[in-house]
């Protein structure tokens, strides 16, 4: 399977990305990002690329310049159609974004992700080698899309250094230091959320408490374990 990543510059190409985003975060009405805003941001230097397989757009990524904490690139949305997940599409989009950032003299890329989604944790911490710089309870407030409805939008902030020739991945940890803090998450929170929002919220608040307490003590996330645990070292 060959994956082609290319920039989406024209309004017609931008619509391909919007379709991916709106399918991923489906709402009864409205859109994740309006056409005029997306065009203005791409025209002004934002990053927007699509992943293509056999000529069809199956994923997209969108990022824009940010200045909080120093100039960097903030990656707001990366999405892959359900039927193409777990095929390396998201990874290829992020790698393209990393090289684009390097070419455009950014030192770091940031983005948020749901700390309960193990698939994203593995991609970000292990395959990409990002650091986690902060934990934000209910960062976006109530989200109306079908994927997040009824949940609280806790997010961790990923910080991805843009240095060297390529990103540096990590290995899954099968053991840890006895003093490390292990923060367990479920194997598939999305399935839990779809069947039992109450159980989802129990996980949400437990992980929130453990994460915020560990970071308040000066903890640093050093990896992810084979047992679906964040490994935090004080």
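Looking across 133, 110, 118, one residue alone is farther than 17 Å from residue 79 by Cβ and free of Cβ contacts under 8 Å to residues at least 40 places away in the same chain. It is 133.
For first residues located in the stretch 203-214 and under 12 Å from residue 135 (Cα atoms), partners that are surrounded by fewer than 18 Cβ atoms within 10 Å (Cβ to Cβ) and lie 6+ apart or on another chain with Cβ distances below 7 Å form the pairs 208/137.
Of all residues in the stretch 30-45, those satisfying the criterion of being in a loop (DSSP other than H, G, I, E, B) and over 22 Å from residue 143 (Cβ atoms) are 44, 45.
Residues in the stretch 144-165 that are in contact (Cβ under 8 Å) with a residue 12 or more places away in the chain and part of a loop (DSSP other than H, G, I, E, B): 144, 145, 146, 147, 148, 150, 151, 152, 153, 154, 162, 163.
Residues in the stretch 1-24 that are in contact (Cβ under 8 Å) with a residue 40 or more places away in the chain, surrounded by fewer than 16 Cβ atoms within 10 Å (Cβ to Cβ) and assigned to a helix (DSSP H, G or I): 23 only. Just one of (1) more than 20 Å from the chain's Cα centre (by Cα); (2) surrounded by fewer than 17 Cβ atoms within 10 Å (Cβ to Cβ) fails for residue 27. It is (1).
The one condition from (1) within 12 Å of residue 231 (Cα to Cα); (2) surrounded by 15 or more Cβ atoms within 10 Å (Cβ to Cβ); (3) without any contact (Cβ under 8 Å) to a residue 40 or more places away in the chain that residue 176 does not meet is (3).
Confirm whether residue 162 is farther than 21 Å from residue 137 by Cα, touching a strand residue (DSSP E or B) at 6+ places or on another chain (Cβ under 7 Å) and modelled with pLDDT of 95 or more. When the stated conditions are applied, residue 162 passes them.
The set of residues from the stretch 141-169 being in contact with a helix residue (DSSP H, G or I) (Cβ under 6 Å, 6 or more places away or on another chain) and exposed (fewer than 15 other Cβ atoms within 10 Å of the Cβ) comprises 150, 169. Which of (1) in a strand (DSSP E or B); (2) under 25 Å from residue 162 (Cα atoms) does residue 87 not meet, given it meets every other one? Failed condition: (1). Checking each residue in the stretch 49-72 for being over 23 Å from residue 143 (Cα atoms) and buried (at least 19 other Cβ atoms within 10 Å of the Cβ) picks out 49, 50, 51, 57, 58, 72.
The values are calculated or read from the model by the stated rules, or taken from the named source; none is laboratory data. Values in this document were obtained by computation on a predicted structure and should not be read as measured data. Every residue, glycine as well, gets a Cβ built from its backbone with ideal geometry; the counts of neighbours run over all protein chains shown.
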